[in-house]
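What follows is a single structure, written as structure tokens, with notes after it.
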Amino acid sequence: MSDIKIYDAIVIGGGVTGSSAGMYAARFNLDVVVYAEQPGGLITTTNLVENYPGIKSITGPDMGMVFMEHAMESGAKFEYDRVSSIEKTELNGKQVFKLLVGTAEKEVFAWTVVLATGTKHKYLGAPGEKEYSAKGVTYCALCDAAFFKEKIVVVVGGGDSAAIDANILAQHVKKVYVLVRKGEMRAEPVNIKRIQANPKVEILYNTEVAEIQGDGEKVTQLLLKDGKTLAVDGVFVAIGWTPMSELAKQVGADLDERGEVIITREAETNVPGFYAAGDVTNAKFKQAIIGAAEGVYASVAAYNYIQGNVR
Ligand code: NDP
């Protein structure tokens, strides 16, 4: 056992949540490594963040980097590899987690794990979506808006992502339709007001996509469920996110019906030593500030676990 390096804590995920967990773990003097497959995390695909208390306005990429730098300066190590699997095992009678990391599937061991893997975008599931992916169908307005200068685009979705995407797109395109399947949007009122006030944006309620159609090379129109067609050059899908909770499932953590990891207020799962934080969990509100706070709780829990079970 003495030959094997065992980290006090491994944080999986290098977004705002993972960096916060890494920062606090390091400040608790834990030997911690953060696996950041996507450095900075999902926030780096956001244009401007204006709702993090204490920071009036910051770009998403800057915010992701600032959080990582803070964690590193506190003593957390960062590795830019993917964790492909995790299992509970025993070394000298003590529970330890074994992770496989990177393409070489290197074995890495830790007494505790903090899962902060976040979410991935949902697919519409409409005919034509796969065929025209990257040929007009996209999932990131911030990344792709500039490719649609003076074009007509549609955003599908009625939440904050859709509203924010519509505003970003309106800075580049001629016209943005927002397709909302219900009779109202569920975005924050401030975001709804912004798009309602934008002359380039038109919201179509009770409207759903039946098929994305094109000429084989690029999207040309949408066939709607009411039988009408809408001529568009681009389709931005913003219909929510699916939790990346596969690793939690592997280790036996309980998930809810949406696949989110069930945690206590202190970021504990049902598996001792295994914690989860941020958007991957069943926390009701998916926000950077919530993820950051849960990351902190997770590191405190990891510290207490190590004091009670390892040291
Ligand atoms: P949400 O889950 O909030 O909203 C998804 C929207 O897409 C809903 O309007 C939903 O419709 C619609 N939808 C889902 N499936 C389909 C479908 N198959 N066809 C058509 N429409 C569909 O997702 P968001 O990504 O908008 O937001 C997720 C979380 O992230 C929220 O908590 C949000 O507040 C947060 N967020 C915060 C931001 C910020 O603070 N800067 C930025 C972006 C998101 P219905 O209402 O009918 O279910």
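The values are calculated or read from the model by the stated rules, or taken from the named source; none is laboratory data. Quick caveat: nothing in here was measured; it's all calculated off a predicted structure. Counting neighbours? That spans all protein chains shown, and the Cβs are built from the backbone with ideal geometry, glycine included. For accessibility, only protein heavy atoms count, side chains too; no ligands or nucleic acids. Shrake-Rupley method; radii C 1.70, N 1.55, O 1.52, S 1.80 Å.
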**Prompt:** Has region 168-180 got at least one residue that is under 25 Å from residue 51 (Cβ atoms) and among the hydroxyl-bearing types (Ser, Thr, Tyr)?
**Reply:** no
**Asked** Only one residue in 232, 180, 209 is in contact (Cβ under 8 Å) with a residue 60 or more places away in the chain and within 10 Å of the ligand (Cβ to nearest atom). Which one?
**Response** 209
**Asked** Which members of region 263-293 meet the condition of being crowded, with 16+ Cβ neighbours inside 10 Å and closer than 21 Å to residue 88 by Cβ?
**Response** 263, 267, 268, 269, 271, 273, 274, 275, 276, 277, 280, 281
**Asked** Do any strands (runs of 3 or more DSSP E) entirely within region 81-168 hold 2 or more residues that are open to solvent by 40 Å² or more (accessible area, probe 1.4 Å), and if so, which?
**Response** 83-91, 94-101, 106-115, 119-121
**Request:** Output the number of residues of region 42-63 satisfying the condition of being more than 13 Å from the ligand (Cβ to nearest atom), assigned to a loop (DSSP other than H, G, I, E, B) and in contact (Cβ under 8 Å) with a residue 12 or more places away in the chain.
**Result:** 0
**Message:** Criterion first (within 14 Å of the ligand (Cβ to nearest atom) and part of a helix (DSSP H, G or I)) does residue 191 satisfy it?
**Reply:** yes
**Prompt:** Pick from 42, 30: which is assigned by TED's automatic domain parsing to the domain that holds residue 13, at pLDDT below 95 and not charged (D, E, K, R)?
**Reply:** 42
**Prompt:** Quick check: anything in region 97-119 closer than 28 Å to residue 295 by Cα and either within 14 Å of the ligand (Cβ to nearest atom) or modelled with pLDDT under 95 (or both)?
**Reply:** yes
